[in-house]
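To start, the structure under review is shown below, and the notes come after it.
The values are calculated or read from the model by the stated rules, or taken from the named source; none is laboratory data. On a predicted model such as this, the values are computed, not experimentally measured, just so you know. Using ideal geometry, Cβ is built from the backbone for each residue, glycine included, and neighbour counts are taken over all protein chains shown. Surface accessibility is based on the protein's heavy atoms, side chains included, excluding ligands, DNA and RNA. Shrake-Rupley method; radii C 1.70, N 1.55, O 1.52, S 1.80 Å.
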Amino acid sequence: MSGKSKKILPIAALTACVAAVAIIIVAEVLKATVFGGIMPVIGNLIAGSLERLFLAAACVFLMIMYGFVSTLRPKLGKGLLPVLAGFAVALANFPFFTLISGELEITESGGAVTLFVFHCLCVGLFEETAFRGFVFPLVLGKLSDRKHGAALSVIVSSGIFALVHLLNLFSGASVGATIMQVGYTFLIGCMCNVILIATESLLFPVLIHAAFDIGGTIVSLGVATGSNWNTPSIVIMAVIGTLVGIYLILRFFTHEREALELIEKQKE
């Protein structure tokens, strides 16, 4: 990397972060002054999407600065079974059963639903570039010489990803819901890490993360009202989640060397 790039990349990352903060501030001002304290669903989705896009850009700049660029390239022919397993979990999280039974109802227009899907994609893009694209290889580089350093790196980086969600307590989320979110985001983080290692690309972790969020946040982001879960959906998620978890754990430990090879490729 040239000396000029070394100077430009930190400035670009900082600028993208400042832009994200500016969007948050503008959204809060509009919420208070124009919308009477309640931001419309579309307004929240637009602001959230733009915020995540700028934060994702900042993470990409950091990845380039640290040389973590190999996973930015799409690789479509590797790790098909882990990818399918990840999408199975994401689909199990979608509220098919409550939609069919009428326990969940889409309340927004088609345009808002499309924007909601885009928002979930932006969230997946940001969180995967941040925690799988940057934090994971950073931790792996530090722990790669230890016994089972790859497994420790998956656990540590996923733990950081999960604990960041404790910040939701400051936005009014309940303690119980936040603790539950910390638990399942840790598991999702581990799953996405294994898929990243298997595919050597952030593409599928981003798409799987987005698909999972579509089912998980359709109510909390105001696109639908009702319940995400009923007994059949809980049972199916428990079965699929358990089977996928067992498969990915076995696959990871029989291919543990892949993680070390990934960090070596990052250095090339």
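Observations on the model:
- At R0 = 45 Å, FRET efficiency that the Cβ-Cβ distance of S101 and D145 yields, to 0.05: 0.25
- Stretched out straight at 0.36 nm per residue, the stretch from A177 to I236 would grow longer than its current Cα-Cα span by 19.2 nm.
- Shape category assigned to the chain from the gyration tensor of Cα positions, a/c cut at 1.5: oblate
- Apportionment of accessible area to carbon and sulfur, the range 180-234, percent (1.4 Å): 76 percent
- Span-rule helices in the chain, defined as complete DSSP H runs reaching 15 Å or more along the axis (Cα) with Kyte mean at least 0.0: 3-33, 41-66, 80-92, 110-127, 149-164, 175-199, 203-216, 231-254
- Within a straight-line Cα-Cα reach of under 21 Å, K7 can be paired with the following lysines, leaving aside sequence neighbours fewer than 8 residues apart in one chain: K267.
- When peptides 235-248, 192-205, 56-69 are sorted by average Cβ neighbour count within 10 Å, with the highest value leading, the order is 192-205, 56-69, 235-248.
- Accessible area of K75 (1.4 Å probe, protein heavy atoms only, ligands and nucleic acids ignored): about 50 Å².
- FRET efficiency, C17 to T225 (Cβ-Cβ, R0 30 Å, nearest 0.05): 0.30
- Entries of K78/K265; K6/K78; K142/K265 with Cα pairs more than 23 Å apart: K6/K78
- Using a probe of 1.4 Å on the protein chains alone, the accessible area found for E103 is around 80 Å².
- Residues whose placed amide H lies under 5 Å from that of L104, excluding near-sequence neighbours: L99, S227
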